[in-house]
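Novice: Okay, here's the structure, questions in a sec.
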Amino acid sequence: MAFDGFVISCLADSLRSCLVGGRITKISQPEKDEIILTIKNYDVYRLDISVNASLPLVCLTDETKPAPLTAPGFCMLLRKHLNNAKIIDIVQPNMERVIMLKIEHLDEMGDLKEKWLIAELMGKHSNIIFTDESMRIIDSIKHVSQFVSSVREVLPGRDYFIPKTTDKTDAHESDYKSFCSAVRSKHCEVFKALYCSYTGFSPLIANEICKRAGVPSSENTDALTEDALSSLYEITKHMLDMSDNGKYSPVIITKNSEPVEFSCFPLTVYSEESFETVEYNSISEVLTSFYSMKEKLSRINQKSAALRKNLLTAIERVSKKYDLQLAQLKDTEKRDKFKVYGELITAYGYSVPEGSKSMSCINYYDGKEITIPLDPTIPVLANAKRYFDRYSKLKRTNEAVAELLKKTSEELYHLKSIQNSLDMALYEGDLADIRREMAEYGYIKKNSDERKNLKSGNTSKAGRSGKNRELKSKNHSSPLHYRTDDGFDLYAGKNNYQNDEITFKLADGGDWWFHAKNAPGSHVILKTDGKEIPDKVFEQAAALAAYYSSQKDSGKVEIDYLQRKNVKKPNGSKPGFVVYYTNYSMVAAPDISSLTEVAGD
């Protein structure tokens, strides 16, 4: 993700249109590195300024965050100076990752004064700094002494300045000659030369310039032709002009519904089919959506880390067992050879001298001559019994290993279906279902409440504690619900329990059932309500089954579909496991952009 100079420019432009002329009516500091300003300007806005080292952010938000009962010192200082103050300008200096709010207020004597509230969005060096009109620091949310930084102290009484980045200049001041000189002097990849030469350029925007100019971003600057340099310069100037004139198109790039990148311009570097571009009306919407999605996924990944580790360990263990059994089964394939040896010795062994190490004869099964090894220490015909015994042993082994291999294969499929459910999980309730299934089949330990019930033998619904019912209600997770533009409802299970639920409880016999062929994935139910189903809706349902399968990254997925009444669940089978014998098939792309998700189910 790139919180670069272009995004800051877009953000400053967006904030300027909303906030300039407004008055600050409330100031809170919900976190040690975050402040929220409530600003009234025809409408009421909340400006969130966070300088968290990992996720620095400035945006307008509708979210309200609880503030501590006792306001921190920096918050109290801002309230003293900026209560009812007026925002008169918002600027970004020289494409830096800095937003400066110029604020006008009355001091204790009633005189009109100007102050600056400065948000620096520079990763771990991010800060919120409050200065007077002469740019002398009054205070900052993070104090930086000379022991922390030898470049600049951020302390009350010090003069504020933006440290100069080595060898970087504002691209607005560059003409074609200086552009060529700056790029060629770096002696590295083209995209790296761009972002190392100009302030506010990120690797993302540098790659985008290369893509639009038709120049490979990995090409060395020493190999650039005049035409390539000219194209790079023209695209760079074009993007700067769009930024200067406010011609922004904020977007988020997603892959498999997960946010990958955001920008204030459409990104041609993510033009592959696997990426989806979502357009937004403002950069604040982009930032709040992107960071909330990232935060949600990060939180779920943290909560699911232990489950995922246990699951991968189980998959690795079962996979090794499967490979060993497969090798054992392969070793038994030669069993029929020993049966033939025994039969041939019984038929022709009477003519073979005792003590022979081998015998040759015609194999009456194929008419070819065959040589059979013999043990010279035992009678010739006793070799026949030895071969028959080896045949019988391998036959029993084959039957036993084949049965074990079937069970191991089913267990491996079950584990991979849980893994697919874990990849789909977005909420705590989703994880609760997965945790319950893994505990039920012994892949993780049961929680204390489950162990108590098992120890006491009290597993009935009436015997479950109120606490368990409360937790189940709190962690309830519903199947996914989508609707086509024709008004048909589609349901997809997010885990094996939900797959059973929608297939055998939600669906009627006449509804249609979809699933990826021979691959873990969601059961998908197409509700017919007694209507005739258009071909397009069948394709949309198949696309949904492909999207929520383990094969979604393959581009095309083969989908089996049939009426629900023909889907059966064997007695004692694992959650989500079904059988069917007559079905239709189609190949579908995992694209659900034509479907509308129904919220609140």
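Novice: Search segment 179-203 for residues being among the hydrophobic types (A, V, I, L, M, F, W, C) and assigned to a loop (DSSP other than H, G, I, E, B), and hand back the single one that is farthest from Asn220 (Cα to Cα).
Specialist: My answer is Phe201.
Novice: While we're on this one: Counting just the residues of segment 91-130 that are under 20 Å from His143 (Cβ atoms) and part of a helix (DSSP H, G or I), which one comes out modelled with the highest pLDDT?
Specialist: So the residue we want is His125.
Novice: Mind checking which residues of segment 131-147 are surrounded by fewer than 21 Cβ atoms within 10 Å (Cβ to Cβ) and part of a loop (DSSP other than H, G, I, E, B)?
Specialist: Glu133, Ser134, Met135, Lys142, His143, Ser145, Gln146, Phe147
Novice: Hey, among Val144, Val215, Val183, Val151, which residue is touching a Pro at 6+ places or on another chain (Cβ under 8 Å) and hydrophobic (A, V, I, L, M, F, W, C)?
Specialist: From the options Val144, Val215, Val183, Val151, the qualifying one is Val151.
Novice: Scan segment 570-588 for residues that are in a loop (DSSP other than H, G, I, E, B) and crowded, with 16+ Cβ neighbours inside 10 Å and jot them down.
Specialist: Lys574, Pro575, Gly576, Phe577, Val578, Asn583
Novice: Taking the residues in segment 376-406 that are charged (D, E, K, R) and exposed (fewer than 13 other Cβ atoms within 10 Å of the Cβ) as candidates, determine which candidate is farthest from Tyr548 (Cα to Cα).
Specialist: Ranking the candidates gives Asp389 first.
Novice: Collect the residues in segment 150-177 that are among the hydroxyl-bearing types (Ser, Thr, Tyr), surrounded by fewer than 19 Cβ atoms within 10 Å (Cβ to Cβ) and in contact (Cβ under 8 Å) with a residue 24 or more places away in the chain, keeping them in residue-number order.
Specialist: If the condition is that a residue be among the hydroxyl-bearing types (Ser, Thr, Tyr), surrounded by fewer than 19 Cβ atoms within 10 Å (Cβ to Cβ) and in contact (Cβ under 8 Å) with a residue 24 or more places away in the chain, then Thr165, Thr169, Tyr176 are the ones that fit.
Novice: Quick one: which strands (runs of 3 or more DSSP E) lie wholly within segment 34-84 and hold at least 1 residues that are farther than 23 Å from Phe6 by Cα and basic (Lys, Arg)?
Specialist: 34-41
Novice: For segment 185-203, state whether one or more residues are touching a residue at least 60 places away in the same chain (Cβ under 8 Å), farther than 21 Å from Cys10 by Cβ and touching a Phe, Trp or Tyr at 6+ places or on another chain (Cβ under 7 Å).
Specialist: no
Novice: If we keep just the residues of segment 311-333 that are among the hydroxyl-bearing types (Ser, Thr, Tyr) and over 20 Å from Lys395 (Cα atoms), which is surrounded by the fewest Cβ atoms within 10 Å (Cβ to Cβ)?
Specialist: Per the criteria, the residue is Thr313.
Novice: Give me a count of the residues in segment 322-366 that are in contact with a Pro (Cβ under 9 Å, 6 or more places away or on another chain) and among the acidic types (Asp, Glu).
Specialist: 1
One line per residue, one yes/no per condition, for (1) within 21 Å of Asp423 (Cβ to Cβ); (2) free of Cβ contacts under 8 Å to residues at least 40 places away in the same chain:
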| residue | (1), (2) |
| --- | --- |
| Met242 | no, yes |
| Pro250 | no, no |
| Ile253 | yes, yes |
| Glu258 | yes, yes |
| Pro266 | no, yes |
| Ser271 | no, yes |
| Lys296 | yes, no |
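Novice: Taking the stated definitions as given, is Ser14 closer than 27 Å to Pro72 by Cα and either of a type in the set (Phe, Trp, Tyr) or buried (at least 19 other Cβ atoms within 10 Å of the Cβ) (or both)?
Specialist: When the stated conditions are applied, Ser14 does not pass them.
Novice: While we're looking at this one, here's another question. Condition first: of a type outside the set (A, V, I, L, M) and at negative phi. Now tell me which residues in segment 119-138 satisfy that.
Specialist: Scanning segment 119-138 gives Glu120, Lys124, His125, Ser126, Asn127, Phe130, Thr131, Asp132, Glu133, Ser134, Arg136.
The values are calculated or read from the model by the stated rules, or taken from the named source; none is laboratory data. Since the structure is predicted, the reported quantities are computational estimates derived from the model, not experimental observations. Because the Cβ atoms are built from the backbone with ideal geometry, glycine has one as well, and the counts that use them run over all protein chains shown.
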